[in-house]
Amino acid sequence: MRPCPAVGRHTVPSHSCRTLHGYSLVAVRNVPVRVVPEVLLAGGRPMSKSTLTVPGALYILQTDDDGKEIKRLEVSDNEWNAPQAGFTEQACFYGMGKHYFQELSKTSKCEEHRPHFLLYGPKTSKLNGYGYTFYGKPNQGRGWFETPPALVAKQIAPNSPDCMSKFINKYGMFTMHVFFVDKPWYTTC
């Protein structure tokens, strides 16, 4: 049986690790949500063609080991507020937008990797989407994930630590993007 990897196992409070059928599973308990319970309790929000998908903010639900909500991290739909929520500016990439990664800087420890990143429109400075990035090599099955090599990942996240390239070369990396705009492939930098 392979032991759980050191990545995130005990160093990041939102991660837990279990071994199942000889495979290490690292679970991340932070889940992005776009709904504020108070809005739902008030009957929701009015919808029209001009209603924004992310009305004002994205909320990352943070839970404890038992799945109980402990906090909601509010991430504004305005780019200039991303650093206040703990996201570090990275590069703009064609077809995606300007990337901001959670707690990722040149001095970050790769063992404390946080999975969330935000995507902002370079012309609008509004939240175009978000995504996850994990170390590992997924089964491509349906092809939902991108698996950028270290060189590409470093171009997207130039303000990342040197250990990121080493971790990607050793463990691999996969990402998933969720866009809030039509035709994100037309996003230019």
Of all residues in the range 63-88 being modelled with pLDDT of 85 or more and assigned to a loop (DSSP other than H, G, I, E, B), the one that is nearest to K106 (Cα to Cα): G86
Candidate set: the range 125-162, residues that are surrounded by 14 or more Cβ atoms within 10 Å (Cβ to Cβ) and hydrophobic (A, V, I, L, M, F, W, C); chosen: the one farthest from E111 (Cα to Cα): L127
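Scanning for something modelled with pLDDT under 75, surrounded by 14 or more Cβ atoms within 10 Å (Cβ to Cβ) and touching a strand residue (DSSP E or B) at 6+ places or on another chain (Cβ under 9 Å), does the range 97-120 turn up at least one residue? Don't jump to the end; show me each part of the working.
In the first step, residues of the range 97-120 are kept if they are modelled with pLDDT under 75; the result is none.
Checking the range 97-120: not a single residue is modelled with pLDDT under 75, surrounded by 14 or more Cβ atoms within 10 Å (Cβ to Cβ) and touching a strand residue (DSSP E or B) at 6+ places or on another chain (Cβ under 9 Å).
The values are calculated or read from the model by the stated rules, or taken from the named source; none is laboratory data. The structure presented is a predicted model; accordingly, all values stated were derived computationally and were not measured. Cβ coordinates were reconstructed from backbone atoms using ideal geometry, including for glycine residues, and neighbour counts include every protein chain displayed.
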